[in-house]
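What follows is one structure encoded as structure tokens, with my remarks underneath.
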Amino acid sequence: MENTGGSSKSGGIVWMLSTFALIGVLVGLGISSLDGSSTTTNVTDSTGGTEDTTSYVLPDADDDAVLGDENAPIEMIMFSDYECPACYYFETEIFPSIKADFIDTGKVKFIYRDFPLTSKHPMAHITGEAAECADDYGMYYEYQDLIIANYDEWSTYTGDVNQLLTDYAATLEGVDTTAFKACLDNGTYYDEVEADMSDGRDAGVQGTPSFFVNGEKIMGVMPYEDYVDQNGQSKQGFKTILMQMIGE
């Protein structure tokens with residue numbers, strides 16, 4: 001998980017799950033159970049102490065684009081950074097299974113919210129803005145697919161990144177590329193991305209990716225299937241967690 005530099009905390013109604021995606025290997029770092037019925041999250045020190053307890057407000061979908069059936073019983077909000085390697089790993093290696101098994105079947109609705117760590121990832125903010133510009137045409141997640149597919153190009157690009165991001169939009173039917181480029185150049189959605197970050201901080205997000213699944217907090221990326229962590233302990237993956245929430 002990419003971290004903002006703050007201390008790591010868990011407890012209360014928090015599942016704390018951290019892994020690192022290095023050369024294709026995920027290493028699970030921890031988990032605790034929670035009760036997602038509350039409107040606030042009480043977070044204690046990850047060692048189990050209570051000396052620094054803070055109340056965090058759970059986020060909602062805001063006005064962000066929804067992928068899947070809006071009436072799905074499970075709401076999965078992801079705070080993410082398009083340039084974050086762990087987020088890229090999630091999007092390419094884990095999310096396709098979640099989408100096929102839960103989103104496309106009407107069980108989960110997915111909402112992506114921006115949390116760009118610009119001190120580490122200078123392209124993350126403008127890329128988040130570009131996705132919002134695409135949402136003007138109802139093509140947020142179609143454009144997101146292009147961002148992910150072209151990650152190696154734009155994340156290292158040294159030219160006019162606004163033009164490059166506009167070139168991606170040009171491949172989507174119905175997008176006015178002149179208006180799209182102006183949307184980026186004028187910073188039309190700069191404040192929208194900042195608002196997502198503010199909501200993330202209020203919810204206790206300290207790194208990316210972070211998830212809120214029906215109000216239950218999952219920090220970091222983990223495998224889709226159940227797995228065994230580096231301590232030899234069995235852990236639940238996304239699939240089991242989502243199935244339990246649905247009651248399957």
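Restricting the range 200-214 to residues that are assigned to a helix (DSSP H, G or I) and in contact with a strand residue (DSSP E or B) (Cβ under 7 Å, 6 or more places away or on another chain) leaves a set whose member that is surrounded by the most Cβ atoms within 10 Å (Cβ to Cβ) is 200.
Table: residues versus (1) touching a residue at least 40 places away in the same chain (Cβ under 8 Å); (2) in contact with a Cys (Cβ under 7 Å, 6 or more places away or on another chain); (3) closer than 14 Å to residue 76 by Cα.
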| residue | (1), (2), (3) |
| --- | --- |
| 189 | yes, yes, no |
| 199 | yes, no, no |
| 205 | yes, no, no |
| 212 | yes, no, yes |
| 215 | yes, no, yes |
| 222 | yes, no, no |
| 226 | no, no, no |
| 236 | yes, no, no |
| 248 | no, no, no |
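Looking only at residues in the range 64-76 that are part of a strand (DSSP E or B) and farther than 8 Å from residue 112 by Cβ, which one is farthest from the chain's Cα centre (by Cα)?
From the range 64-76, those part of a strand (DSSP E or B) are 66-67, 74-76; that's our starting set.
Filter once more, keeping what is farther than 8 Å from residue 112 by Cβ: 66, 74-76.
Numbers: 66: 13, 74: 16, 75: 13, 76: 9 Å.
So the residue we want is 74.
For residue 97, are the conditions met, namely being under 24 Å from residue 202 (Cβ atoms) and among the small types (Gly, Ala, Ser)? When the stated conditions are applied, residue 97 does not pass them. When the residues of the range 180-199 are filtered to those that are of a type in the set (A, V, I, L, M, F, W, C) and closer than 18 Å to residue 65 by Cβ, which remaining residue is surrounded by the most Cβ atoms within 10 Å (Cβ to Cβ)? Here the residue is 180. Among the residues of the range 108-124, at least one is touching a residue at least 24 places away in the same chain (Cβ under 8 Å), among the charged types (D, E, K, R) and either over 18 Å from residue 64 (Cα atoms) or surrounded by fewer than 19 Cβ atoms within 10 Å (Cβ to Cβ) (or both).
All of the numbers you see were taken from the coordinates with simple rules; none came from a lab. Quick caveat, the model's predicted, so the values are computed rather than measured. With ideal geometry, Cβ positions are generated from the backbone for all residues, glycine too; neighbour counts draw on all protein chains shown.
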